[in-house]
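J.: So that we are looking at the same thing, I have put the structure below in structure tokens.
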Amino acid sequence: MPEYKAPLRDIKFVMTELLNSEQHYASLPGAEDSTPDMVEAIIQEGAKFCEQVLSPLNQSGDREGCTWSEEGVTTPTGFKEAYKQYVEGGWPSMTSPVDFGGQGLPESIGLVMSEMVGSANWAWGMYPGLSHGAVNTVIAHGSDEQRQAYLPKLVSGEWTGTMCLTEPHCGSDLGILRSRAEPNADGSYSITGTKIFISAGEHDMAENIVHIVLARLPDAPQGTKGISLFIVPKFLTDGNGNVGEKNAVTCGSIEHKMGIHGNSTCVMNFDGAKGWLIGPENKGLNCMFTFMNIARLGTAIQGLGAAELSFQGSLAYARERLAMRSLSGIKNPDGPADPIIVHPDVRRMLLTQKAFAEGARAMIYFAAQQGDLVHKAEDAETRNEADELLSFLTPIAKAFLTEVGYESANLGMQVFGGHGFISEWGMEQIVRDTRISLMYEGTTGIQALDLLGRKVLMSQGESLKRFTKIVHMFCKENADNEQLKPLIEPLQKINKEWGELTMKIGMASMKNRDEVGAASVDYLMYSGYAVLAYLWARMAKVALDKLAEGTSEEAFYTSKVQTAHFYFQRLLPRTRAHAEMMVAGADSMMDMPAEHFAF
């Protein structure tokens with residue numbers, strides 16, 4: 001397994017040089033203490049924890065996995081102790097409100113820590129990771145009493161949270177869920193039903209687990225309009241943070257999975273468990289989107305983490321592994337062969353991983369800054385603009401970055417050749433752990449429908465225009481920059497084509513709604529490459545400016561420029577295929593009768 005090293009220089013580049021985090025934090029009410037020195041100290045300490053505590057548990061946790069018994073779930077050796085250190089370090093409370101024991105830092109700083117945790121040990125990171133969504137859901141929709149009862153312990157990390165949506169007969173189509181909630185005389189509800197695929201639904205790392213559960217009230221309307229949201233704790237509490245008797249919620253089993261073996265993926269049975277309504281009746285799905293949107297951006301981090309960790313592993317291997325001679329002449333005359341990093345195809349794989357990892361970091365941090373503005377900006381117009389932009393970027397980040405993160409993980413295996421298929425190297429674990437990210441929190445297809453159907457077409461293209469205007473202004477401002485010309489010209493072209501393709505799909509969908517579904521995944525992938533092109537052009541500009549000023553880090557900035565050119569020449573052309581496929585029409589998919597698929 002690669003020894004994870006936090007990419008601190010690149011993190012600093014994206015935060016301070018690309019996104020000007022110092023000015024960003026200074027503009028946010030309540031974030032004045034997020035000075036460069038403080039932010040750097042937080043990230044440095046977080047890196048040490050991830051490198052020294054979490055990374056060494058990644059492969060051992062995968063091999064040992066979780067153990068189920070009737071008494072509960074036992075996590076792999078070292079997981080519980082690592083979590084205790086995490087809580088004692090104050091990491092769970094970083095971005096939560098001060099009123100509930102949090103540190104009140106901007107969400108974007110917390111996402112940097114989430115990146116390092118997820119890259120070092122994704123399975124472990126899921127235990128505290130889901131709690132952030134639970135905290136934000138209770139803050140946004142819980143009553144004052146519920147906030148006081150649950151938030152202090154959730155914020156501190158003494159308790160963890162989950163989201164309980166999926167049932168055996170329904171995944172993304174939550175309108176057909178069957179879990180029910182019967183009102184009790186004391187104002188609580190009895191929750192009954194079975195939920196599956198519940199990450200961190202049962203474990204031995206925290207004193208209590210607070211489940212956020214979707215269920216139906218009696219006589220609720222059918223479909224998504226009849227779903228309510230409930231808090232259902234593992235242990236009942238006295239409202240002051242003290243746990244009491246066990247609630248009627250149990251883990252029936254844990255799934256035997258392809259990857260993330262160190263995280264318990266549970267079947268949760270609610271047998272008349274006591275719960276409390278969060279938010280209005282029959283508006284549970286609306287409330288749950290608070291949780292789901294945060295979870296989707298968190299899932300995008302898994303794509304980034306997979307690209308980063310696999311790149312670190314394959315780069316180290318490619319520098320040391322000797323095989324064959326360079327086509328352009330011997331590069332290692334004192335050895336029997338040249339290191340494989342000299343071969344063009346290995347370079348192709350390494351640079352693809354590097355371009356996706358560093359591009360993903362820029363995309364997620366850019367989206368995270370929009371989240372900061374949504375929660376902390378003073379004026380409503382800024383908050384609304386940021387919210388619309390974040391809503392547009394979220395499905396792209398979640399689906400595109402997990403797709404290319406998985407591709408990067410597979411490339412990492414490929415660089416190792418046959419050794420990549422052997423478990424002791426750890427590269428195949430990254431592939432196995434990452435595969436689920438393309439499915440949970442909404443599959444790529446679901447995210448694509450959300451982007452094209454809901455975000456773009458239902459807004460009559462306004463959400464797309466909001467982003468393409470940003471790209472247009474960047475291109476206009478740099479039109480005379482000769483060094484950037486090889487990037488600006490294709491960026492302008494794709495930015496214009498993006499709108500034209502959207503119009504074509506929209507017109508076709510007026511005649512046949514299947515056109516949206518037929519085009520959506522290609523549209524999303526095209527959008528992902530376009531967003532990354534804008535960010536890589538921006539990163540190249542920053543690097544070129546630094547080189548022009550004179551710097552002692554010439555190699556770092558030159559590498560940025562070269563990676564940007566690789567992205568534009570070798571990865572951005574993939575949009576050509578996506579563009580053709582998204583407007584090819586639905587007929588070739590939909591004309592064949594279902595019974596003709598096999599004979």
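J.: Counting DSSP beta bridges in region 148-258, what percent are antiparallel, to the nearest 5?
T.: About 65 percent, rounded to the nearest 5.
J.: Could you give P(r) for the chain, binned at 20 Å from zero, as whole percent values over all Cα-Cα pairs?
T.: Answer for the chain: a P(r) of 19, 54, 25, 2, 0 percent.
J.: Residue by residue, what Karplus-based ³J(HN,Hα) values in Hz, rounded to whole numbers, does region 155-162 have, using 6.51, -1.76 and 1.60 with θ = phi - 60° and x for Gly and Pro?
T.: Rounded to whole hertz, the list is 5, 6, x, 5, 10, 10, x, 9.
J.: How long are the semi-axes of the equivalent ellipsoid of region 390-483, defined as square roots of 5 times the Cα gyration tensor eigenvalues? Whole Å, largest first.
T.: Largest first, region 390-483 gives 35, 21, 7 Å.
J.: I'd like the Karplus ³J(HN,Hα) series for region 541-557: coefficients 6.51, -1.76, 1.60, θ = phi - 60°, whole numbers in Hz, and an x wherever there's a Gly or Pro.
T.: Ordered by residue, 3J(HN,Hα) equals 4, 4, 5, 5, 4, 5, 5, 5, 6, x, 8, 7, 10, 4, 5, 4, 6 Hz.
J.: While we're on this one: What ranking do Leu411, Leu229, Leu174 get, fewest neighbouring Cβ atoms within 10 angstrom at the top?
T.: Ordered from fewest to most neighbouring Cβ atoms within 10 Å, Leu411, Leu229, Leu174 come out as Leu174, Leu411, Leu229.
J.: Of all DSSP beta bridges located in the chain, what percent are antiparallel, nearest 5?
T.: If I count the DSSP bridges inside the chain, around 85 percent turn out antiparallel.
J.: List the equivalent ellipsoid semi-axes of region 460-587 in whole Å, largest first, each obtained as the square root of 5λ for an eigenvalue λ of the Cα gyration tensor.
T.: 33, 14, 10
J.: Whole percent per 5 Å bin, from 0 to the bin with the longest distance: what is P(r) over all C-alpha pairs of region 288-449?
T.: For region 288-449, the binned pair fractions read 1, 10, 16, 16, 15, 12, 9, 7, 5, 4, 2, 1, 0, 0 percent.
J.: Right, another one. Test of understanding: ordering Thr434, Thr194, Thr551 by Cβ neighbours within 10 Å, fewest first, what list do you get?
T.: Final ranking by Cβ density, sparse to dense: Thr551, Thr194, Thr434.
J.: Within the set of other residues whose C-beta is less than 12 Å from the C-beta of Gln483, count the net charge using Lys and Arg as +1 and Asp and Glu as -1.
T.: Charge balance near Gln483 sits at -1.
J.: Here is a further query. Mind sorting Lys465, Lys354, Lys331 by how few other Cβ atoms lie within 10 Å of their own Cβ, fewest first?
T.: Exposure proxy ranking, most exposed first: Lys331, Lys465, Lys354.
J.: Can you work out ³J(HN,Hα) from phi for every residue in region 562-576, in order, using Karplus 6.51 cos²θ - 1.76 cosθ + 1.60 and θ = phi - 60°, giving whole Hz and x for Gly and Pro?
T.: Whole-Hz 3J(HN,Hα) from phi for region 562-576: 5, 5, 4, 5, 4, 4, 5, 8, 10, 10, 4, x, 4, 4, 4.
J.: Taking H placed 1.01 Å from N in the peptide plane, check which residues at least 5 places from Cys66 or on another chain put their amide H under 5 Å from its amide H.
T.: Under 5 Å from the amide H of Cys66: no residue qualifies.
J.: For the pairs Lys5/Lys153; Lys153/Lys376; Lys493/Lys541; Lys476/Lys511, note any where the Cα-Cα span goes beyond 27 Å.
T.: Beyond 27 Å between Cα atoms: Lys5/Lys153; Lys476/Lys511.
J.: What is the Å³ per residue value for the convex hull set by the Cα atoms of region 461-534?
T.: Convex hull volume per residue, Cα atoms: 74 Å³.
J.: Right, here's the next one. Please give me the summed charge of the neighbours of Arg147: other residues whose Cβ is under 14 Å from its Cβ, Lys and Arg +1, Asp and Glu -1.
T.: -2
J.: Here's a follow-up. In whole Å, how far is the Cα centre of region 87-148 from that of region 13-65?
T.: Result: 14 Å between the Cα centres.
J.: To continue, here is another question. Counting Lys +1, Arg +1, Asp -1, Glu -1, what net charge surrounds Ser253 among other residues with beta carbon under 11 Å of its beta carbon?
T.: -3
J.: Rounded to the nearest 500, what is the chain's calculated 222 nm mean residue ellipticity when only DSSP H runs of at least 4 contribute -39500 (n - 2.57) each, over all residues?
T.: Counting only the DSSP helices, I get -18000 deg cm²/dmol.
J.: Between Thr237 and residues 5 or more places away or on another chain, which pairs have amide H atoms under 5 Å apart, with H built 1.01 Å from N, and which residues are they?
T.: Result for Thr237 returns Gly244.
Bear in mind that the values in this text are calculations on the coordinates, not laboratory data. Source: prediction; values computed, not measured. Note: ideal-geometry Cβ built from the backbone for every residue, glycine included; neighbour counts use all protein chains shown.
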